[in-house]
Amino acid sequence: MNKAPLEELYQRQAAVEAMGGIARVDRQHKMGKWTARERIDALLDPATFEEIGAHVQHRATLFGLENVNAPADGVVTGFGRIHDRIVYVFAQDFTVLGGSLGEMHAAKIQRVQDLALKAGVPIIGLNDSGGARIQEGVDALNGYGEIFKRNTWASGVIPQITVIMGPSAGGAVYSPALTDLIIMVKHTGQMFITGPQVIKTVTGETVSAEELGGAVAQIRRSGVAHLAAETDEQALSWVRTYLTYVPSNNMEEPPLYDIQDPLDRADVSLRNLVPQDPNKPYDVILAIAAMLDRDSFFELQKGFADNLVVGLGRIGGHSVGVVANQPRVLAGTLDINASTKLARFVRFCDAFNIPVVTLVDTPGYLPGTAQEFGGIIRHGAKVLYAYAEATVPKVTVILRKAYGGAYLAMCSRSLGADLAFAWPSAEIAVMGPDGAANIIFKDEIATAPDPDAVRKAKSVQYQERFANPYVAAQHGYIDAVIDPGETRAHVARALMSLHNKKEDRPRKRHGNIPL
Ligand code: HXC
């Protein structure tokens, strides 16, 4: 080969690697943001990135764009490795036309989506974009549509992960919203359908972009995002961590890690975790941590519906999804937000062959007109649907309260738990003792000379009869009442016994989950 063509290649490569030029790269750094290429380098195992589509250019001819050279058309695409497993990746480059999405930029993203799906490997999108490339009009919109379609087709087949590392506005938010995990970087990542100026014009509300769509808003208020990182570096390291729990696709098992943490490691402190007083809270995270392999809990959506905890962890090196009521917040009641958080998480686990362990302590659904008018019936039904639909191994441990519909909803045996355990402190009944006494003994209480004393006595009577695990165990709804200190060993053995579980559901086009 003569030298000139190779020189041309290296020249062209250098131009693409220079992205939007020194000034714009400097500006990106001053905003506290890494460039697309720096982000990819931090995300992947060292020196594993294979770029594809580096020479792609837009072919727009309007509004002066015909004279604009846009390296890589504003998005770096390719594949590489994370913990030695292949992933596909795209990273929007804000230094080139603001990372805006035109026809060819979109085609590059579609290309890696197609390849990831065919190869059966995760796809990771690093978003930093001014949205639809305004000069390209409907071609840009079409590009988004093609991406959304591919997101939907890939859903439940390969893990799709999004990191919001800059603006994500308008319909551009919907590709991230269709993926399994959204990590946002605080202060630089922002998501909204309509920005502050439009909101001011239409509704008169004044709100800053950060208040409206920053990481804190999208985690705490809307539940759109799952994790808020302080920096680009932290966000990218969380993607790497997350992938340690999930398989490359829905036909594979999650990765198995060699963990030196004995499965029968007892923790006697759990015997005193549930307070004597049934109305006193405690932190369910302590029960989760004691059950899982040391330091393996990776909590998701912390800050949203904290009355319910969800997250990934490991037992004996195997991935598990953990769902737990949190008695410290709203007494662990189930409300609309907790229901949607739970249902989406359980469906994610089921899609990717991750067993689900559920720790129960809930007095029931949260009462109130806000909940009823907000559709707690519709949203609460998602919980039942997700658990009953799931065919992965399901193990339930009732720690304390399991009343009424919430007892059923929290992966009861009736709903499909493969094995259900209870601590001796479990209370399994139709409703709490006070409510039950008020209804069953209504007349007796009303006509008594001291109604309060009678109510109390009847409540104690009901509690003694039902507020324990043994009635449910006698009737076979609880498989074993266990020493809390040995929860890890029991759950681990249960999961081992279910490792090759097979369960079928009737064939259908798809179910009709209440949305
Ligand atoms: C073309 C764009 C662009 C866009 C930014 N740029 N957004 N070019 N189309 N959508 C260019 C700018 O002209 C500028 O070019 C460079 O990117 C950097 O942008 P700045 O404005 O200088 O950066 P900054 O001050 O940080 O502001 C970032 C921003 C702002 C908040 C994102 O650029 C902005 O508001 N952009 C428009 C956002 C928008 O309305 N997009 C359409 C959303 S609707 P130079 O050459 O000066 O460096 C949508 C519909 C999708 O996306 C529907 C899908 C269904």
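The values are calculated or read from the model by the stated rules, or taken from the named source; none is laboratory data. Being a predicted model, the structure only gives us computed values, none of them experimental. For neighbour counting, all protein chains shown are included, and Cβ atoms are generated from backbone atoms with ideal geometry for every residue, glycine included.
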Residue list for the range 393-416, filter: touching a residue at least 60 places away in the same chain (Cβ under 8 Å), over 27 Å from residue 485 (Cβ atoms) and buried (at least 19 other Cβ atoms within 10 Å of the Cβ): 409
Helices (runs of 4 or more DSSP H) enclosed by the range 1-97 - at least 3 residues per element that are modelled with pLDDT under 95: 3-17
Qualifying position, being crowded, with 19+ Cβ neighbours inside 10 Å, within 14 Å of the ligand (Cβ to nearest atom) and of a type outside the set (D, E, K, R), among 140, 91: 140
Among the residues listed as 453, 422, 457, the single one being at pLDDT 90 or above and either over 35 Å from the mean Cα position of the chain (by Cα) or hydrophobic (A, V, I, L, M, F, W, C) (or both): 422
Test: residue 116 is away from the ligand (no atom under 16 Å from the Cβ), assigned to a helix (DSSP H, G or I), crowded, with 23+ Cβ neighbours inside 10 Å and among the aliphatic types (A, V, I, L, M): yes
Residue within the range 503-513 that is hydrophobic (A, V, I, L, M, F, W, C) and either on the phi > 0 side of the Ramachandran plot or within 33 Å of the chain's Cα centre (by Cα) (or both) present: yes
Hits in the range 208-246 (condition: of a type outside the set (S, T, N, Q) and in a loop (DSSP other than H, G, I, E, B)): 214, 223, 224, 225, 226, 230, 245, 246
Filter result (touching a Gly at 6+ places or on another chain (Cβ under 7 Å) and part of a helix (DSSP H, G or I)) within the range 120-138: 136
Lone unmet requirement of (1) within 21 Å of residue 168 (Cα to Cα); (2) away from the ligand (no atom under 12 Å from the Cβ) for residue 59: (1)
Residue match in the range 471-485 (condition: of a type in the set (Asp, Glu) and either at pLDDT below 95 or exposed (fewer than 11 other Cβ atoms within 10 Å of the Cβ) (or both)): no
Breaking point among (1) in contact (Cβ under 8 Å) with a residue 12 or more places away in the chain; (2) within 16 Å of the ligand (Cβ to nearest atom); (3) not hydrophobic (A, V, I, L, M, F, W, C), for residue 67: (1)
Contacts under 6 angstrom Cβ, first residue in the range 87-102 being on the phi > 0 side of the Ramachandran plot, partner away from the ligand (no atom under 11 Å from the Cβ) and among the acidic types (Asp, Glu), 6 or more apart: none
Single residue of the range 178-198 satisfying the filter (aliphatic (A, V, I, L, M), touching a helix residue (DSSP H, G or I) at 6+ places or on another chain (Cβ under 7 Å) and outside any loop (DSSP other than H, G, I, E, B)) that is surrounded by the most Cβ atoms within 10 Å (Cβ to Cβ): 184
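Table: residues versus (1) over 28 Å from residue 348 (Cβ atoms); (2) basic (Lys, Arg); (3) in contact with a Leu (Cβ under 7 Å, 6 or more places away or on another chain).
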{"site": "375", "(1), (2), (3)": "no, no, no"}
{"site": "383", "(1), (2), (3)": "no, no, yes"}
{"site": "408", "(1), (2), (3)": "no, no, yes"}
{"site": "423", "(1), (2), (3)": "no, no, yes"}
{"site": "432", "(1), (2), (3)": "yes, no, no"}
